[in-house]
1. For the range B:47-150, what number results from the quotient of the Cα radius of gyration and 2.2 N^0.38 Å?
2. If you average the C-alpha positions of the range A:174-227 and of the range A:64-130 separately, how far apart do those two centres end up, in angstrom?
3. Between B:Tyr314 and B:Ser66, what FRET efficiency comes out of the Förster formula 1/(1 + (r/R0)^6) with R0 = 41 Å and r the beta carbon distance, rounded to 0.05?
4. Based on Cβ point charges of +1 for Lys and Arg and -1 for Asp and Glu, what charge dipole magnitude is obtained for chain B about its Cα centre, in debye rounded to the nearest 20?
5. Just grab the label-to-label distance for A:Tyr276 and A:His217, each label 7 Å out from Cα along the Cβ direction, in nm (one decimal).
6. Say each of B:Asp169 and A:Asn307 gets a label point 7 Å from the Cα, pointing the same way as Cα to Cβ; how far apart are those two points in nm?
7. Considering only the protein assembly as shown, what is the antiparallel percent among its DSSP beta bridges, to the nearest 5?
8. If the viscosity is 1.567 mPa s and the temperature 4 °C, what Stokes-Einstein diffusion coefficient in µm²/s follows for the range B:100-253 when Rh is the Kirkwood radius over Cα pairs?
Amino acid sequence: MEYSIVTHNLSKKFGSFTAVDKINLNIRPGDICAFLGPNGAGKTTAIRMLCGILKPSAGSGSVLGYDLLRNPEKIKENLGYMSQKFSLYYDLTVRENLNFYAGIYSLASKRRHQKIEEMINLADLAGREDQLVANLSQGFKQRLALSCAIISDPQVIFLDEPTSGVSPAARRSFFNIIQELANQGKTIIISTHFMDEAERCGQIAFFNQGQLLALDHPAQLKKHAVPGKLYRIEVEDPIRLLNKLRHWPGIKEVSLHGRSLHILLEEDRLAILKKYLGTEPKVIEPTLEDVFMALAKRKEGERYESNYLGN
Amino acid sequence: MSRIISVIKKEYLQLRRDRLTLILIFMLPLVQLLLFGYAIQTEVKHIPTVVFDQSLSSESRDILSSFSASGYFDVMYSANSYQQVTRYIDKGRAQVGIIIPPDFSRKLAQNESAPLQVIVDASDNMVANQAIAIANSIGLIKSQQILLQKQPGTSLPLDVRVRPWYNPDGITAYYMVPAILGVIVTMTMVIITAMAIVRERERGTLEQLIVTPLKNYELMLGKIIPYIVLGYLQISVALLVGSLVFKVPIRGNILELYLLTLFFITASLGLGLTISNIAKTQMQAMQMAFFVMLPSILLSGFMFPRQAMPDVIYYISYIVPLTYYLDIIRGIVLKGIGFSYLVGQVSALLIFSLLMLGISTTKFKKKLD
């Protein structure tokens with residue numbers, strides 16, 4: 001099986017609102033794919049459809065070869081899902097939570113004990129097995145929620161904004177676990193709006209207004225998604241300059257970053273800018289934010305063309 | 001099977017940690033039984049009574065002592081005028097006034113009908129009905145006695161002999177305790193299960209369960225079974241208190257009672273689960289539970305006889321599970337009857353349970369939209 005997750009024009013409408021609009025995904029086993037985009041971009045809806053808990057309105061898809069529409073129960077047996085709410089029972093202990101999910105996935109008694117121990121170690125919860133979940137810190141809750149979700153050793157793992165409200169240190173250790181799982185050949189989908197988190201993923205799927213803007217490796221996206229070259233200049237009064245440069249021909253994008261400006265320039269316009277500024281702007285690598293802005297803008301343009309110019 | 005057991009175990013653990021709920025579950029039958037059993041007497045005795053005796057004869061004293069000897073009337077005040085009687089009743093210090101006219105003994109002696117006025121404060125229905133009935137029968141009995149005294153050797157043409165079966169002494173507790181037991185069980189079961197699903201929905205754990213291979217019916221059964229056990233514990237506590245404290249005789253087969261109770265518990269749990277599947281928040285579930293429980297307690301014949309209800313209401317009371325259970329528990333406990341007499345009631349509960357469980361299993365979709 002080359003791809004573990006495949007979708008073809010997968011869509012979801014709620015009434016007249018299109019939450020997910022014809023997305024096409026191809027994700028390989030061992031990949032960590034970040035669903036990146038603002039709130040309401042369709043990330044969660046897409047994940048829920050892939051989990052088989054939300055029925056697609058149109059299009060098709062399969063997870064591990066099981067069809068989303070025909071075999072959702074089969075998919076459920078092979079996936080781990082963790083929501084942003086950390087769906088744990090706060091009035092149960094760590095071990096009781098794990099035990100419950102182990103039972104729900106019908107793990108045999110011997111494997112169950114072995115798996116629970118493994119999960120306790122994975123989540124770094126040794127010594128806290130008998131604590132009530134309510135008394136754990138956010139970071140521990142997050143890792144426990146992950147442990148509960150993957151106790152059945154699923155091949156596909158969906159993580160819906162798993163890192164909100166968690167300290168940076170906990171976020172890092174959480175990501176290390178994710179990386180380890182991917183190295184074991186599992187497919188991992190993680191939705192987030194932290195750009196730095198997405199940076200660590202092998203694949204990034206950019207979502208905006210229900211559409212999939214791009215799906216590629218972060219480095220590839222940075223290389224190809226941004227049209228033109230990105231420069232940084234440091235000046236005394238960046239805001240004044242920003243307002244001036246905004247309407248220059250040849251400048252596609254200019255944005256303020258602290259005391260400096262990022263300028264996206266068409267290839268052959270550097271000379272004019274250099275002359276105007278009197279200094280040499282530094283070439284910089286675009287951030288994922290730049291990529292996102294460029295992609296969203298391009299999509300906006302296409303939509304404008306198809307709506308008004310009849311393309 | 002392992003999935004159902006896991007849900008049961010989880011519910012049990014959660015319940016065990018929820019001390020307050022547990023205490024309530026066991027205190028409820030105790031407190032309710034003691035309260036209802038002791039405080040509620042549908043038979044009203046010791047009604048405060050004011051007397052205006054203008055005759056002051058041995059005959060008037062005789063009739064007054066009959067009134068007080070009945071135990072229903074406590075002669076607490078003696079008035080000197082009609083106005084004074086009115087005042088006592090207006091103020092609520094007396095609920096019954098007995099007025100004996102000055103010519104009472106003279107009329108009796110002359111074989112005339114001697115009038116005797118009994119005023120009843122009918123603003124309290126229950127007290128008034130009782131007082132009126134007792135006053136009338138005291139009048140009749142006294143008249144008979146006087147007639148027989150005057151014409152020795154004759155006997156009364158009719159001799160009606162009433163024999164109250166099952167509860168010959170008319171002890172209210174016998175009638176109330178089994179009924180309260182039913183009310184307590186259904187109340188606890190409906191409220192607890194009404195919370196069961198909606199709590200998980202509110203806390204977000206339901207979202208997690210939906211993506212697991214757990215089936216609908218497995219979740220429903222896993223949620224119900226621990227509470228069936230709880231319902232039985234509650235019933236046992238209540239029966240124990242009923243027979244130890246109130247000396248309620250259990251005339252029928254207690255095993256049969258336990259067996260048939262299963263249908264009632266399941267019906268109540270099914271109702272609770274249905275509420276839980278409809279409600280969006282725990283608050284809504286709570287309100288819906290009360291919305292359903294209050295009328296069903298009133299309609300069941302728990303306190304007010306169903307025979308007295310208007311036709312429409314009477315038929316509505318047939319959809320209330322408690323109605324059937326009252327027949328079952330009063331039947332087994334007081335009458336000593338068995339299953340063969342209760343087939344209708346049991347089938348009604350069974351149909352109700354299946355309907356409710358069916359609705360909640362289908363209503364609960366494992367999809368989110």
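Readers should treat all values here as calculations from the given coordinates under stated rules, not as data from a laboratory. These figures come from a predicted structure and were not determined experimentally. Methodologically, a virtual Cβ is constructed for each residue, glycine included, from the backbone with ideal geometry; neighbour enumeration extends over all protein chains shown.
1. Computed over Cα atoms of the range B:47-150, the ratio equals 1.04.
2. If you average the Cα positions of each part, the centres end up 25 Å apart.
3. Using R0 = 41 Å, I get an efficiency of 0.55.
4. Rounded to the nearest 20 debye, it is 1360 debye.
5. It is 3.6 nm.
6. Calculated label separation equals 8.7 nm.
7. 55
8. 58
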